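In what follows, a structure is listed as structure tokens, so that the remarks can point back to it.
Only the coordinates and a few stated rules stand behind these numbers; no lab work does. Computed from a predicted structure; not experimentally measured. Heads up, the Cβs are rebuilt from the backbone with ideal geometry, glycines too, and the neighbour counts pull from every protein chain shown.
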Amino acid sequence: MRDLAFVAFLFAFIGIGFRKPFLFILCFCYIDIVAPQRLSYFLINSIPVSLIVFGLAIAGWLVADDKKDTRWSGRQTLLVMLLIYCWMTTIYADFPVEAADKWSWVWKALIWAIFLPLTLRTKLRIEALALMLLLSAAAIAIAGGIKTAAGGGGYGTLQLLLSENYGLYEGSTMSCVAISIIPLILWYRRHGTIFPPDWMVSAFCFALVFACALLPVGTQARTGLICLFVLALLSLRAVKHRLLYIAGAGLLAAAAIPFLPQSYTDRMETIRGYKSDQSASTRVAVWAWTWDYAKDNPMGGGFNAFLQNRVRVEKEASSPEETASVYEEESRAYHSSYFEMLGEQGYPGTAMWLLLHFAGLMQMERIRRRYLKTRRGEEQWIAPLATALQHGHIVYLVGSLFVAIAFQPFIYMMLALEIGLTTYCRRREKEAGWRPLTPRSTVAA
């Protein structure tokens, strides 16, 4: 019955979607992030729902959407270049079958990031996309936060919305994303209009922030703790009373420590002594292998090139009772987006990827400064949104140091949101600077 109801809803939604194509776009964002079709037992799980809605979104925009204010960005050109380059490395990959498997979803994430900014012509659409990203991630964060608050959790054992370990359902990945969306949640609490700010919206936003902050504890992901620390530092830019903020944050952290599970504090302590932790020391060895591999293969080995690695790891003793050990590992994942790009796409792909992200940070800084002191009521949401996206982007880049999420679709949707905000502001600036020429005779009259 659940499957049949969903199919009926899908057909009804298609009929509505061709009148309002942006609904297809929002629906695909939700499906690609949460993957609700995997909750099905049979029928929906066997249908490529994501690919169908992906096609409907693009077709609906081409057929029915207004395109008069559509603008192209330099970063979209960069995304096209990265897409073509990844396709070339897939053709000549060291492991063609495995590379094709990853390429089957990477191309969709990149094309979506190229396409999505073309649809963000109005403030309402920008806000709707931001809200959809928040609510989609919230579906996962709330489930993890409740389980953590109830005493559940553990590294690799906390079940988020689905009992799978891929995409946003992987603990370290979701911890990074959860912390990176906190600035966007706080922005929506103050500047949202789809759900106008009131006590219920504020309560939900604060509860969602709390759930996101709990995820690093529940997943016991060291990446999440680092991301949380980085976000706390970045927040100093936006607060008015910085000394009070620092004191409050310190007191809150001190008060929270006694309530943290011992397994969590033990795992966090391995950040200082990574050589005595098998997981951390293996990562460092894989990074060293990847660096040497890139020297011999500057164009990269294609997706999943790590399958050929073989590393020798020296693990130090973590206590007097233990002894140092040496062991070998093979086919270990990169556990870093930077080394993921270096090993799979080589120096050219890594350069394009870094330029894409750092150009986004610079654009958000330009918009933040330009609109920071605006007195126009219709523009006061722009600078805070640029700041929230920039802070979330920085958190992602820091978290990417320790998680291989270079092609995670969620961050490419945030990139598309940044590009859409940039093109929207440029269009407004151009319209504000344009004045019609008035004949002198008319002025004299």
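Estimated from the Cβ-Cβ distance and a Förster radius of 56 angstrom, the FRET efficiency linking Ala149 and Asp66 is about 0.80. Ordering 402-412, 419-429 by mean Cβ neighbour count within 10 Å, with the highest value first, yields 402-412, 419-429. Extending 7 Å from Cα along the Cβ direction at Arg310 and again at Tyr166 yields two label points whose distance is 2.9 nm. Take 388-397, 298-307, 96-105 and order them by the average number of nearby Cβ atoms within 10 Å per residue, most first; the result is 388-397, 298-307, 96-105. Label sites at Gln380 and Ile47, each approximated as a point 7 angstrom past Cα along Cα to Cβ, lie 4.6 nm apart.
Remark: for residue pairs Lys240/Lys373; Lys67/Lys123; Lys67/Lys108; Lys68/Lys108, the C-alpha separation exceeds 18 Å in Lys67/Lys108; Lys68/Lys108. Between Leu401 and Thr77, the simple spin-label model (points 7 angstrom out along Cα→Cβ) gives 3.3 nm. If R0 is taken as 41 Å, the Cβ-Cβ distance between Glu431 and Phe210 corresponds to a FRET efficiency of 0.50.
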